[in-house]
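What follows is one structure encoded as structure tokens, with my remarks underneath.
Values in this text are rule-based calculations from the coordinates and carry no lab data. Computed from a predicted structure; not experimentally measured. A quick note on method: Cβ atoms are made from the backbone with ideal geometry, for glycine too, and the neighbour counts reach across all protein chains shown.
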Amino acid sequence: MPLILVLSLIVSGIFTAFKAVSLSWLRIFPLSFIVCFIALSLLFWLVIYLSCFYIPVGREYDKPSKFHLAMINAGYWFVCSYAGIRVKATGLDKVPKSGRFLFVSNHLSRFDNMIQCLKLRKTPIAFISKPSNFKIPIARHLMTRCCYIAIDRESPKNAAKSIARAEKLIADDIVSIGVFPQGHRGTGYDIGDFKAGCFKIAVKTGCPIVVATICGTEKVHKNFPFRRTAVNFDILEIIENPSGKTVDIAKTVKEIIQENLNKYKES
């Protein structure tokens with residue numbers, strides 16, 4: 001049970017115990033619980049807001065802040081916890097313990113990178129993301145400070161600059177980079193063509209590619225708030241020293257991902 005819910009139960013229980021001079025006073029417990037929950041939730045987000053409101057949006061940082069990595073993961077934890085997400089993760093032991101890598105996964109929901117960052121928090125990842133995500137209040141400041149990269153797919157020139165920045169972050173051993181080669185959220189487990197350009201990051205830096213799948217996040221909105229959602233996050237394979245044409249690498253990675261997705265599609 002999320003920490004804020006537990007604290008709300010404890011505080012409202014203590015308050016009710018002191019005030020309950022008769023059974024009729026027990027009616028205040030639900031109300032006091034709701035008030036405590038709202039107050040603690042607002043306090044949680046106030047702390048995160050105060051930790052990042054001074055960060056200028058649009059600035060590029062040389063490295064992510066450990067403090068703000070903790071803050072963005074705290075925000076991810078809150079959202080995923082209260083969305084009722086339960087994650088079963090496999091293959092986490094395959095992730096390189098040292099050095100940086102290119103993280104590649106299918107994409108089904110806005111919850112995908114939140115879950116992936118939480119499960120891989122010991123090896124921080126800065127995701128390449130669409131520009132509109134950098135307009136989200138609070139998140140835009142944290143993403144900026146944690147070296148997330150906006151990519152303008154409508155401008156090849158600007159997209160190339162984003163890829164070059166990702167290459168530098170990996171080459172300088174700053175942070176691993178996360179990409180969704182589909183370029184958009186999918187609508188199911190049959191994935192379309194991958195954008196091969198992102199694989200230049202691995203080819204030019206020589207970093208390994210961590211191949212993963214995520215399944216179930218597309219059901220969160222349908223299940224919330226009455227049902228929990230089971231999500232499967234699988235690390236499938238590590239491609240060491242990738243070389244050759246990026247189109248061929250993209251095809252190989254897509255096949256690995258699609259093969260694993262087929263297991264969930266058929267179940």
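Given H placed on each backbone N at 1.01 Å, which residues far from residue 103 in sequence or on other chains put an amide H within less than 5 Å of it? Result for residue 103 returns 177, 178, 179, 210. Can you give the charge dipole size of the chain about its Cα centre, rounded to the nearest 20 debye, using +1 on the beta carbon of Lys and Arg and -1 on the beta carbon of Asp and Glu? Approximately 540 debye in magnitude.
Given the -39500 (n - 2.57) contribution per DSSP H run of 4+ residues, what per-residue ellipticity at 222 nm results for the chain, rounded to the nearest 500 deg cm²/dmol?
On the way: 9 runs with 121 residues, N = 267.
Dividing the helical sum by the residues of the chain leaves -14500 deg cm²/dmol.
Note on residue 262 and residue 90: the extension gain reaches 60.3 nm, defined as 0.36 nm multiplied by sequence separation minus the Cα-Cα distance. Karplus-derived 3J(HN,Hα) values for region 244-260, using 6.51 cos²θ - 1.76 cosθ + 1.60 with θ = phi - 60°, are x, 6, 5, 4, 5, 5, 4, 5, 4, 5, 4, 5, 4, 5, 4, 4, 6 Hz; glycine and proline are entered as x.
Ordering 165-176, 45-56 by mean Cβ neighbour count within 10 Å, with the highest value first, yields 165-176, 45-56. Beta bridges from DSSP with both residues in the chain: antiparallel share about 30 percent, rounded to the nearest 5.
Place the peptides 190-201, 147-158 in order of packing, highest mean first, counting for every residue the other Cβ atoms within 10 Å and averaging per peptide.
Numbers: 190-201: 18.7, 147-158: 15.6.
Ranking, from highest mean packing down: 190-201, 147-158.
Give me the distance between the Cα centres of region 28-68 and region 169-192, rounded to whole Å. Value for the Cα centre distance between the two parts: 27 Å.
Would you mind classifying the chain by shape? Square roots of the alpha carbon gyration tensor eigenvalues, ordered a ≥ b ≥ c; an a/c under 1.5 is rounded, otherwise it is prolate if a/b is larger than b/c and oblate if not.
Numbers: a/c = 2.56, a/b = 1.75, b/c = 1.46.
Cα axes put the chain in the prolate bin.
Phi angles across region 124-140 convert, under the Karplus curve 6.51 cos²θ - 1.76 cosθ + 1.60 with θ = phi - 60°, into 3J(HN,Hα) values of x, 10, 9, 8, 7, 9, 6, x, 5, 5, 7, 9, 6, x, 6, 4, 5 Hz, Gly and Pro given as x.
Amide H to amide H distances under 5 Å link residue 150 with 129, where only residues 5 or more positions off or on other chains count and H is placed in the peptide plane.
In order along region 190-206, the Karplus-derived 3J(HN,Hα) couplings, from 6.51 cos²θ - 1.76 cosθ + 1.60 at θ = phi - 60°, round to 9, 8, x, 5, 8, 7, 6, x, 5, 6, 4, 4, 6, 5, 6, 9, x Hz, and Gly and Pro are given as x.
Counting only residues at least eight positions apart within a chain, or on another chain, the aspartates and glutamates with an alpha carbon under 13 Å from that of residue 219 are 112. Near residue 229, the amide H atoms lying under 5 Å from its own belong to 85, 86; only residues 5 or more places off or on other chains count, and H is placed 1.01 Å from N. Comparing Cα centroids, region 106-132 and region 140-159 end up 14 angstrom apart.
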